[in-house]
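Report on one structure; see the data block that follows.
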């Protein structure tokens, strides 16, 4: 079996990957490691791995690395049935999709997956949005969000990171809590509509985002629909207070918070409203978010 491993070159667990995980992979396959050094490397390496006819591509990093690898695979031009299988190793700072599918860094579990090699078909999210006054498109595997989440990412990307990515992330969260104002947003689906002041919207193929917040407890990434978390004009203090509830996997009971499901969502806003997917800042509404059932082969 031919395996291409796309490793986040900035991962704090890189040494662990080379000492424990790579030897376990090479017990079962011929493996080549592509280590990223810049922002678009994972996408480029993913396209290369597809064209070199790898049997399996392993995204070794966080959700952002997985997102770039996924987009490289699906934008490579290869027919769906000819694509390699995809798997992940959660050695990044945000590993929310790994939580949903139960993938850990246990080398024994990794060996078992490779030994049996029984990938399953999994859904993928597709999102069309606005960037630089033009329509753009991207895929996602885990969660697409609008409202406060993308604003946190925007502040993090524009801020100083000399204290490390984790510190920059929490600094961006605190700054966003203090400045963000809920925006009028309309959500249209074939079966329901929501309109109001939005603090946060999360459309989940997976269950978690934001480092362990369970926003879609009933989402399953192979059932052909999204779990949708809608948080209206909840106060900042309440939103912070609900963090522990989300981390525990329980649903929040609040008249301004709703849990829904959908296959397609049309999102519009009266004011500029950002959108992101898998921790990657995309652009702005209006946007269309749609599930593509059983789009990729996934090993977990």
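The values are calculated or read from the model by the stated rules, or taken from the named source; none is laboratory data. All values derive from a computational prediction rather than experimental measurement. So basically every Cβ, Gly included, is an ideal-geometry build from the backbone, and we count neighbours across all protein chains shown.
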TODO: Looking only at region 174-188, count how many residues are surrounded by fewer than 18 Cβ atoms within 10 Å (Cβ to Cβ) and modelled with pLDDT of 95 or more.
DONE: 3
Task: Set 190, 221: member being under 18 Å from residue 127 (Cα atoms), in contact with a helix residue (DSSP H, G or I) (Cβ under 8 Å, 6 or more places away or on another chain) and part of a loop (DSSP other than H, G, I, E, B) - done: 221
Open item on the list: Going through 67, 95 one at a time, which residue ends up being closer than 25 Å to residue 293 by Cβ, free of Cβ contacts under 8 Å to residues at least 40 places away in the same chain and not assigned by TED's automatic domain parsing to the domain that holds residue 222?
Closed with: 95
TODO: May I ask you to verify whether residue 274 is crowded, with 17+ Cβ neighbours inside 10 Å and assigned by TED's automatic domain parsing to the domain that holds residue 152?
DONE: yes
TODO: Scan (1) in contact with a strand residue (DSSP E or B) (Cβ under 7 Å, 6 or more places away or on another chain); (2) within 22 Å of residue 157 (Cα to Cα); (3) outside any helix (DSSP H, G or I) for the single condition residue 64 breaks and write down its number.
DONE: (3)
Task: Which numbered condition residue 114 fails, given (1) in a helix (DSSP H, G or I); (2) crowded, with 23+ Cβ neighbours inside 10 Å; (3) at pLDDT 95 or above - done: (2)
Task: Filter result (crowded, with 16+ Cβ neighbours inside 10 Å and in a strand (DSSP E or B)) within region 13-58 - done: 31, 33, 34, 35, 56, 57, 58
Open item on the list: With surrounded by 15 or more Cβ atoms within 10 Å (Cβ to Cβ) and within 25 Å of residue 134 (Cα to Cα) as the only criterion, which of 227, 232, 283, 210 stands out?
Closed with: 283
Open item on the list: Just to verify a result, which residue in region 117-143, among those that are farther than 22 Å from residue 282 by Cβ and in contact with a strand residue (DSSP E or B) (Cβ under 9 Å, 6 or more places away or on another chain), is surrounded by the fewest Cβ atoms within 10 Å (Cβ to Cβ)?
Closed with: 121
TODO: Answer yes or no: is there a residue in region 140-159 that is touching a helix residue (DSSP H, G or I) at 6+ places or on another chain (Cβ under 7 Å) and at pLDDT below 75.
DONE: yes
Task: Residue list for region 194-203, restricted to those being within 17 Å of residue 255 (Cβ to Cβ) and part of a strand (DSSP E or B) - done: 194, 195, 196, 197, 198, 200, 201
